[in-house]
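S.K.: My questions all concern the structure below.
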Amino acid sequence: MINYITIPINNVRIKKVLVILSLGLLSYCHNSLAAREAIVTTPKAVIYSSTDLQAPIGYVTRGKKVKVGEVLKGKAGVYPIVVSNRIAYIRARDIDFNVEEKQAVATRFYELTKENFHKSISVGFTNYSTSIESDTDEGSFDWLGYQIKGEVINKNKWGLQVLTGGLWATKGEEQFRMIELGVGATYTLFQFGPFRTNLFGQLIGIPFANYSLGSKFRINGGGFGFGGGVSGSMDIAKRWGVEGSLGIYRTKLMGFDAPEGYEAPDPTFSGSRLVLSAYYRFE
């Protein structure tokens, strides 16, 4: 038979111990989770479920405000953060407590960018009426195609263009096709309300060109070109508008290797190019 020793328990002492433990726990929670407002300074601040950073559960993007605890924890240096009613952790190096200062800098940078640069993208129809200079051909070719253009213009009226497009022309059995990639510079002559007039110049590379003579053969080559002219645009909505441009261009195609019995074309085209397009402004 086992004899148990009965130890009298002082209820008052137990209550005191419980009160002390409760106060300590509350103090710990307050120090750990007292809200401090911070701002995320990295592109993606990863949120972890533990202080050892072994289990990522999500992320917060740059510029977002978050509330974190006041006490830095773990060897990696993390702050507690509440996510979906759970305690998670964010690295100290990913946030900054100077919220107003950081937001003011970001806001000012955005305003300067918005004030100084006007960005747009356009899609349009192209008509290129040319005469041909070639040892194997003469006359004229009318090209049809499309153009996609991105443009950035600063407050000083100067701008840059990046463009691509495709063109094709047919006369009798002959057919030319080409893909263009180019860059350009532009200057705003004047602007009145929704109307703008620009001068522009462009340099064009032709990474792919194709020539076919009926069903006899089809050969590939390349080339280059350049041109310039004037454009006019008009805003028809808050960010949408239409644009027309007219310029003089010169295009050289080369690198064709014709089959035996045929002479390879080596043409140069020159003429006027009309582009009618619609654009969208990112401002």
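S.K.: Condition first: of a type in the set (Asp, Glu) and at pLDDT 80 or above. Now tell me which residues in the stretch 84-131 satisfy that.
M.R.: Those that are of a type in the set (Asp, Glu) and at pLDDT 80 or above: 94, 96.
S.K.: I'd like the full set of residues that are modelled with pLDDT of 85 or more and closer than 19 Å to residue 85 by Cβ, limited to the stretch 51-63.
M.R.: Those that are modelled with pLDDT of 85 or more and closer than 19 Å to residue 85 by Cβ: 56, 57, 58, 59, 60.
S.K.: When residues of the stretch 157-214 are filtered for being among the aromatic types (Phe, Trp, Tyr) and free of Cβ contacts under 8 Å to residues at least 24 places away in the same chain, how many remain?
M.R.: The total comes to 2.
The values are calculated or read from the model by the stated rules, or taken from the named source; none is laboratory data. This one's a predicted model, so the numbers in the text were calculated from it and none came from an experiment. Virtual Cβ from ideal backbone geometry, glycine too; neighbours counted across all protein chains shown.
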